[in-house]
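To keep things clear, I will list the structure first and then write my remarks on it.
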Amino acid sequence: MHTTWMRLWGMVAVVLLLAPLMAVGQPRPREARQDSSADRSRGEVQVINDWRDEINLSMRSDNQERLGEWSLRPGENVVLQERGERIRVRPNYQITVGDGGDWVDVGQIGQFRNGTWYVNVRDVWAATHQDRPAGRDARPGEAQPRDPSPRGEESPLDQILKKIK
């Protein structure tokens, strides 16, 4: 009788020890994430001012909330911060340069690498001021369109025109 009780209590002990482990090991349905694709490309913004002048840069969220305004010196390369905290943006957040331009999505003009959006001021300017012909902007910091022919050489058409004269 003693061995029967020992077996019975042994089985009860095993069941009591294994029951919690079995409950923990059961698959649980995952909670739905709100929008994993939108959060995947969210990151800090690093802006490179490749103008010759100081520029004013503004950014707003997808619901038109102003994230901040920054002034960048020529050649400056900064990660945007507001109140000492680096801001994190999504591709549908909008950015503009200066006062008169339109807004453009960060995802259209920036490159997302290693959790950071890399944005050049010239790309923002080009996207927000499309009503101006390329290279013909009167903005003081804008580089003048360069001559495509190498210095000292003339195009074949120029050479022909010289012979005709």
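Amide H to amide H, which residues 5 or more places from Q81 or on other chains are under 5 Å from it, using H placed in the peptide plane?
Amide H to amide H, under 5 Å and 5 or more residues apart or across chains, Q81 pairs with I87.
Between W103 and R52, what FRET efficiency follows from the Cβ-Cβ distance if R0 is 22 Å, with the result rounded to 0.05?
So the FRET efficiency works out to roughly 0.40.
Mind ranking 62-75, 103-116, 6-19, 43-56 by how tightly packed they are, going by the mean number of other C-beta atoms within 10 angstrom, highest first?
Averaged packing, sorted descending, gives the order 43-56, 103-116, 62-75, 6-19.
Got a sec? What order do I95, I87 fall in by accessible area at 1.4 Å, biggest, i.e. largest, first?
So, going from the largest accessible area down, we get I87, I95.
Assigning unit charges at the beta carbon (Lys, Arg +1; Asp, Glu -1) and nothing else, what dipole magnitude in debye, to the nearest 20, does the stretch 68-133 show about its Cα centre?
The dipole of the stretch 68-133 has a size of about 300 debye.
The values are calculated or read from the model by the stated rules, or taken from the named source; none is laboratory data. Keep in mind the model is a prediction, meaning the values are calculated, not measured. Here the Cβ is made from the backbone with ideal geometry for all residues, glycine too, and neighbour counts use every protein chain on show. What goes into the accessible areas is simple: the full protein's heavy atoms, side chains included, and nothing from ligands, DNA or RNA. Shrake-Rupley method; radii C 1.70, N 1.55, O 1.52, S 1.80 Å.
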